[in-house]
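Report on the structure given below.
The values are calculated or read from the model by the stated rules, or taken from the named source; none is laboratory data. A quick note: this is a predicted structure, and the numbers were derived from the prediction, not measured. Every residue, glycine among them, receives a Cβ derived from its backbone with ideal geometry; neighbour counts consider all protein chains shown.
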Amino acid sequence: MALAAAVLPLPAAAQPPSQPPPLPPLAEEVPFITTPDNVTLALLRLAGVRRGDHVIDLGSGDGRIVITAARRFGASGLGVEIVPELVARSRAAAASAGVAAKAEFLEQDLFKTDLSRATVVTMYLLPEVNLQLRPALLALAPGTRIVSHDWDLGDWLPDETLVVDAPAKTIGREKKSRLYRWVVPAPLAGLWCGDGGLQWRISQQYQFVQLSWQQGPRGWTLPGRLDGAALQLVGAAPGPLRWQARGDELVAGAQRLRRRGGEGC
Ligand SMILES: C[S@@+](CC[C@H](N)C(=O)[O-])C[C@H]1O[C@@H](n2cnc3c(N)ncnc32)[C@H](O)[C@@H]1O
């Protein structure tokens, strides 16, 4: 197993996220291919799954990801799958693994699945299906972890990438799997106002932000990066470099900025 990449560079300028492509053909065309056991473990470890997590596997196949999350990591989980026979097989496998109470399986279209309970979302789908899911994934609670086997999320760059040997993989000649992890960033784009005339404008592209403010006649900008709701500014700011997003507030110790809808503070 080799760690391929971890820290990504900040993009030159924060741009609004690109639009996803039109709906893919039929999502049913995602074939049933299993994630090998060692890759399943690596994927769940990459997501940092632990007791208290709720893992939703989109297109759960024979249920192995949700069952492993329950059996090895103590998490609860839901697998959604459109092939009835695979749902029945998953439920039987969960029962024989002794985790039927923690690992639920539904015969359901993944695009119609309520993801709001997920603290972790897992996927082994196709690139265009991932892109169609992206808006729903970005709308999840900040801090939700998303992991994907082999396919990324387009211009939403992963927070971490891992390449693992996959000798049991049934497709491809390389016998390696690429694993990606994202943490849903808090939505921060807009105007933020604090005490003493503090006024920030934030533009955002996924986890990357650009902060601008005026000091006298001069304008300043600073890049920053989000890990869920935690904002880390990079460089010399006139104040704290670490902030926490709490809904419509940005908090650093006793300092507080509030989101404003209008043009000025
Ligand atoms: C590549 S397999 C992955 C199986 C499992 N997650 C794993 O990693 O071992 C993708 C699964 O998605 C299912 N699938 C395809 N389209 C779906 C849809 N619209 N809703 C739910 N499941 C779907 C397929 O039947 C298939 O079992």
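Sort through Leu226, Leu250, Leu231, Leu191 and tell me the only one that's in contact with a Gly (Cβ under 6 Å, 6 or more places away or on another chain) and either within 27 Å of Ala141 (Cβ to Cβ) or charged (D, E, K, R) (or both).
Selected residue: Leu231, the only one of Leu226, Leu250, Leu231, Leu191 that is in contact with a Gly (Cβ under 6 Å, 6 or more places away or on another chain) and either within 27 Å of Ala141 (Cβ to Cβ) or charged (D, E, K, R) (or both).
So for the range 56-77 (the condition being assigned to a loop (DSSP other than H, G, I, E, B) and in contact (Cβ under 8 Å) with a residue 60 or more places away in the chain), does at least one residue qualify?
From the range 56-77, those assigned to a loop (DSSP other than H, G, I, E, B) are 59-63, 74-75; that's our starting set.
Going one step further and asking which of them are in contact (Cβ under 8 Å) with a residue 60 or more places away in the chain, we end up with 59, 61.
Yes: one or more hits.
So for the range 82-91 (the condition being closer than 16 Å to Tyr124 by Cα and either assigned to a strand (DSSP E or B) or charged (D, E, K, R) (or both)), does at least one residue qualify?
Within the range 82-91 (the criterion being closer than 16 Å to Tyr124 by Cα and either assigned to a strand (DSSP E or B) or charged (D, E, K, R) (or both)), the answer is no, since none of the residues qualifies.
What is the residue count in the range 133-180 for residues that are surrounded by fewer than 19 Cβ atoms within 10 Å (Cβ to Cβ), within 17 Å of Asp57 (Cα to Cα) and polar (S, T, N, Q)?
Total satisfying the criteria: 0.
Looking only at the range 67-87, filter to residues that are touching a Phe, Trp or Tyr at 6+ places or on another chain (Cβ under 7 Å) and under 21 Å from Leu133 (Cα atoms); which one of those is farthest from the ligand (Cβ to nearest atom)?
Looking at the filtered set, the residue picked out is Gly79.
Can Leu241 be described as under 25 Å from Leu138 (Cα atoms), surrounded by 14 or more Cβ atoms within 10 Å (Cβ to Cβ) and without any contact (Cβ under 8 Å) to a residue 12 or more places away in the chain?
Yes, satisfied.
Out of contact with any Phe, Trp or Tyr (no Cβ under 9 Å at 6 or more places or on another chain), surrounded by 13 or more Cβ atoms within 10 Å (Cβ to Cβ) and either assigned by TED's automatic domain parsing to the domain that holds Ala141 or of a type in the set (D, E, K, R) (or both) - does that describe any residue in the range 211-231?
For the range 211-231, residues out of contact with any Phe, Trp or Tyr (no Cβ under 9 Å at 6 or more places or on another chain), surrounded by 13 or more Cβ atoms within 10 Å (Cβ to Cβ) and either assigned by TED's automatic domain parsing to the domain that holds Ala141 or of a type in the set (D, E, K, R) (or both): present.
Can you find a residue in the range 100-110 that is more than 16 Å from Val183 (Cβ to Cβ), more than 10 Å from the ligand (Cβ to nearest atom), among the small types (Gly, Ala, Ser) and out of contact with any strand residue (DSSP E or B) (no Cβ under 9 Å at 6 or more places or on another chain)? Walk me through it before giving the result.
In the first step, residues of the range 100-110 are kept if they are more than 16 Å from Val183 (Cβ to Cβ); the result is 100-110.
Retained after the next criterion (residues that are more than 10 Å from the ligand (Cβ to nearest atom)): 100-105.
Now restrict to residues that are among the small types (Gly, Ala, Ser): 100-101, 103.
Then keep just the ones that are out of contact with any strand residue (DSSP E or B) (no Cβ under 9 Å at 6 or more places or on another chain); that gives 100.
Within the range 100-110, one or more residues are more than 16 Å from Val183 (Cβ to Cβ), more than 10 Å from the ligand (Cβ to nearest atom), among the small types (Gly, Ala, Ser) and out of contact with any strand residue (DSSP E or B) (no Cβ under 9 Å at 6 or more places or on another chain).
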